[in-house]
Amino acid sequence: MRALPPALLLGLALLLTGPVPLRAEEPCPSAPAQRLSLPATRAALVQGRPVTVIAFGSSSTEGSGASGQDRTYPARLEAGLHAALPEARLTVLNRGRGGEDVTEMMARLEADVIQARPTLVIWQAGANAVLRGMAPEDFTALLEDGIGRLRARGVDVVLMDSQRAPRILASPNFERFDRAIRDTAARLHVPLFSRAALMEAWAAAGTPSAEMIGPDGLHHNDHGYDCLAQALTHAMVDAAGPRRIAGR
């Protein structure tokens, strides 16, 4: 009997067994839950109102290092929230812009953030201030001004600190900015979602920061963004949605 060509054999196999499954995403390392307070977001979800989440920040919000826009942390966050809260009318907008520090973010706060009437703003800041040698006192003053303007409109605000990456850790001032963000969050009673703490927990669980950072030594790779979004999804759903996430 004449042998069938390999391509035909593959086609018959697919007809009999269905498509070859895609490789599962690499699992994320474990990390302690980070507690957030999101009263405006919770109220909107309970009342069935639309929820707009704005990811505000610089290049690690915009998605530098990701293989595509669907692999940025805001895109992965939206996918995770839709999976966890399928009935919610929820949108995540990416308002990251590479290369900016808090001075430039404040210049576009009204047009890019406030005019979109967000329910929640996740504000990632600090990395470029560290790299540019900005005075921590100036950074703090601008951050406080922005938080005040958002909260005056009833917006939930979450601060996000810098990733643990070689180029950040090489700066002698990175700890001062970590402390400035942490102290600002505590003083103003604004929740902090700490990437520093998250990445330190990943490393303690056996996944060093280098595995979550791309070849530029600064930005997350796809896996890093995915795991950041997963941890943030859990924190947000714990704060504003059902108390349990399927599979958790």
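The values are calculated or read from the model by the stated rules, or taken from the named source; none is laboratory data. On a predicted model such as this, the values are computed, not experimentally measured, just so you know. Reconstructed Cβ throughout: ideal geometry from the backbone, glycine too, with neighbour counts over all protein chains shown.
Odds and ends about this structure:
- Leading residue by the ranking (surrounded by the most Cβ atoms within 10 Å (Cβ to Cβ)) among those in segment 80-109 that are within 17 Å of the chain's Cα centre (by Cα) and basic (K, R): R95
- Note on segment 110-139: residues that are surrounded by fewer than 21 Cβ atoms within 10 Å (Cβ to Cβ), under 17 Å from V158 (Cα atoms) and touching a helix residue (DSSP H, G or I) at 6+ places or on another chain (Cβ under 8 Å) amount to 1.
- For segment 196-237, the candidate set comprises residues that are touching a strand residue (DSSP E or B) at 6+ places or on another chain (Cβ under 7 Å) and assigned to a helix (DSSP H, G or I); within that set, the residue that is surrounded by the most Cβ atoms within 10 Å (Cβ to Cβ) is G224.
- Filtering segment 33-57 to residues that are closer than 30 Å to L142 by Cα, part of a loop (DSSP other than H, G, I, E, B) and at pLDDT 95 or above leaves Q34, R35, L36, S37, L38, P50.
- Failed item, numbered, when N94 is tested on (1) touching a Pro at 6+ places or on another chain (Cβ under 7 Å); (2) assigned to a helix (DSSP H, G or I): (2)
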